[in-house]
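Before any comments, here is the structure.
The values are calculated or read from the model by the stated rules, or taken from the named source; none is laboratory data. If you're wondering where the values come from, they're calculated on a predicted model, not measured in any experiment. FYI the Cβ positions are ideal-geometry reconstructions off the backbone, even for glycines, and counts take in every protein chain you see. Surface accessibility is based on the protein's heavy atoms, side chains included, excluding ligands, DNA and RNA. Shrake-Rupley method; radii C 1.70, N 1.55, O 1.52, S 1.80 Å.
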Amino acid sequence: MLRLTAAGARAIVDMSYARHFLDFQGSAIPRTMQKLVVTRLSPNFREAVTLRRDCPVPLPGDGDLLVRNRFVGINASDINYSAGRYDPSVKPPFDIGFEGIGEVVALGLSASAKYTVGQAVAYMAPGSFAEYTVVPASVATPVPSVKPEYLTLLVSGTTAYISLKELGELSEGKKVLVTAAAGGTGQFAVQLSKIAKCHVIGTCSSEEKLAFLKSIGCDRPINYKAEPVATVLKREYPEGVNVVYESVGGAMFDLAVDALAIKGRLMVIGFISGYQSPAGLSPVKAGALPAKLLRKSASLQGFFLNHYLSKYQAAMEHLLELYARGELVCEVDLGHLAPEGRFLGLDSIFRAVDYMYTGKNIGKLVVELPHRVSSKL
């Protein structure tokens, strides 16, 4: 059990409560682990991040879980984090990775009221690119099993769900344009818009992605390498689109603005096309933007998941229900088609980030962390 010293200053470990420090197979937790650490600030992930091998396995506090990670999610914003763009006050070295899923292998006494050793949990918390991560029990989500499909919902699924619910004002018959529609979060924007009985247009970059978009109900998938998106939108949607779910930036943002209908709404979820640049931005034709919005009574709004965490738990529960009922496809890309094969182990995270920026992934990019047997406590 974890208890306070007489002075109440800091928690100590009472190993008479040792079952909380054993993993569910009965073998002791290793003394050391591997993890990825940002050692210098750069949008170049390989330059910024170092794989450290002999890090102490952290111990959970009273309200915490120690999770042995089995799958971790790759996000476009990993390179924004490694570049120090989210919190300029944080200086290297610092841990990286936004989300993971695995088993609880140790926990504090308060956390044991709701969780047990061996339980499968998913979480969105910093430092997931590690073999073990301490996660506050309050931010963990119990899941039926350690399946990568559940991981897709943590950042990508909730981003689509909350942004469309809070900002999209979806209703039957509205026309929704989703950019990067076959990606980790785009797949959910497409499906949730269809559940709301909207007409969905989705942009993508290959015939394989086009087929995937058709399989999840996208009404008008557009492979922009085969068809100019602006031409298709002008020809087939002369009245414009009501809602845009935009995560690409640059030229795609510009044509999305031009495609807005009267009272249309454009939601900026990200701008992946610019993240690798020193400034993190891709150029847009912003000079005429006020006039374009005014002429159409249109609106432009940003969405950052961290500002909507009060809505997060309800969103996760709803998405898990949709998946359990078979109403939601959670497409996972584990790198089977990547040049060097499937993404296995922490060292393959570097490859996975590179792969994301080639634009080849279909669905959510996920890295599997096989259980590594090492020195024991």
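Dipole size of segment 313-377 about its Cα centre, with +1 on Lys/Arg Cβ and -1 on Asp/Glu Cβ: approximately 260 debye, rounded to the nearest 20.
In plain terms, if you count all Cα to Cα distances in segment 197-330 and split them into 5 Å steps from zero, the share in each step is 2, 9, 15, 19, 20, 17, 12, 6, 1, 0 percent.
Working note: Debye formula, equal point scatterers on the alpha-carbon atoms of segment 228-304, no solvent; log10 I(q)/I(0) at q = 0.21, 0.25 Å⁻¹ is -0.94, -1.24. Which value at 222 nm does the chain reach when only helices count, each DSSP H run of 4 or more adding -39,500 (n - 2.57), with the total divided by all residues and rounded to the nearest 500 deg cm²/dmol? About -6000 deg cm²/dmol.
Run through every distinct alpha carbon pair of the chain and return the Kirkwood hydrodynamic radius in angstroms, one decimal place. Averaging 1/r across every pair of different Cα atoms and inverting gives 21.8 Å. Entry comment: accessible area of segment 49-170 is 33 Å² per residue, from protein heavy atoms only and a probe of 1.4 Å. Applying both filters, DSSP loop and at most 15 other Cβ atoms within 10 Å, to the trypsin sites (Lys or Arg not before Pro) of segment 217-323 gives LYS225, LYS285.
Protein-only accessible surface at a 1.4 angstrom probe places the residues VAL366, VAL155 in the order VAL155, VAL366, largest first. Roughly what % antiparallel, to the nearest 5, for the DSSP beta bridges in the chain? In the chain, DSSP labels about 60 percent of beta bridges as antiparallel. Shown here for segment 280-367: GluC sites (Glu not before Pro) in loop regions (DSSP other than H, G, I, E, B) with at most 15 other Cβ atoms within 10 Å, namely GLU327, GLU340. Applying a threshold of 19 Å to the alpha-carbon distances of LYS174/LYS194; LYS165/LYS360; LYS147/LYS209; LYS194/LYS292; LYS209/LYS364 flags LYS165/LYS360; LYS147/LYS209; LYS194/LYS292 as lying beyond it.
Solvent-accessible area of the chain (1.4 angstrom probe, protein heavy atoms only): carbon and sulfur portion equals 55 percent. Between exposed chymotrypsin sites (Phe, Trp or Tyr not before Pro) in the chain, where DSSP calls loop and at most 14 other Cβ atoms lie within 10 Å, what's the longest gap? For chymotrypsin sites (Phe, Trp or Tyr not before Pro) (loop position, at most 14 other Cβ atoms within 10 Å), the longest site-free span of the chain is 87-303.
Largest accessible area first, the listed residues HIS336, HIS199, HIS307 line up as HIS307, HIS336, HIS199 when surface is computed with a 1.4 Å probe on the assembled protein chains. Farthest towards the positive end of the charge dipole of segment 249-322, among the residues PRO290, LEU320, TYR308, is the Cα of PRO290, using unit charges on the Cβ of Lys, Arg, Asp and Glu. Restricting the GluC sites (Glu not before Pro) of segment 165-210 to loop positions (DSSP other than H, G, I, E, B) with no more than 15 neighbouring Cβ atoms within 10 Å leaves GLU169, GLU172.
Which helices, counted as full DSSP H runs in the chain, have an axial Cα extent of no less than 15 Å and a Kyte-Doolittle average of -0.5 or above? Passing helices, by number: 312-324. Farthest toward the positive end of the dipole of segment 32-83, out of PRO58, SER77, GLN34, is the Cα of GLN34, where the dipole comes from beta carbon charges about the Cα centre. Over the Cα atoms of segment 143-199, Rg to Rh with Kirkwood Rh, two decimal places? Radius of gyration relative to Kirkwood radius: 1.02. Seen from TYR115, the other residues with C-beta closer than 12 Å to its C-beta sum to a net charge of -1, counting Lys and Arg as +1 and Asp and Glu as -1. Over all projection directions, the Cα-based convex hull of segment 129-267 averages an area of 10.1 nm². Rounded to the nearest 20, the size of the Cβ-charge dipole of segment 40-197 about its Cα centre is 380 debye, with Lys and Arg at +1 and Asp and Glu at -1. Rounded to the nearest 20 debye, the dipole magnitude of the chain is 380 debye, with +1 charges on Lys and Arg beta carbons, -1 on Asp and Glu beta carbons, and the Cα centre as origin. With the contact rule set at Cα under 8 Å and sequence spacing of 6 or more, what percent relative contact order holds for segment 79-170? It rounds to 26 percent for segment 79-170.
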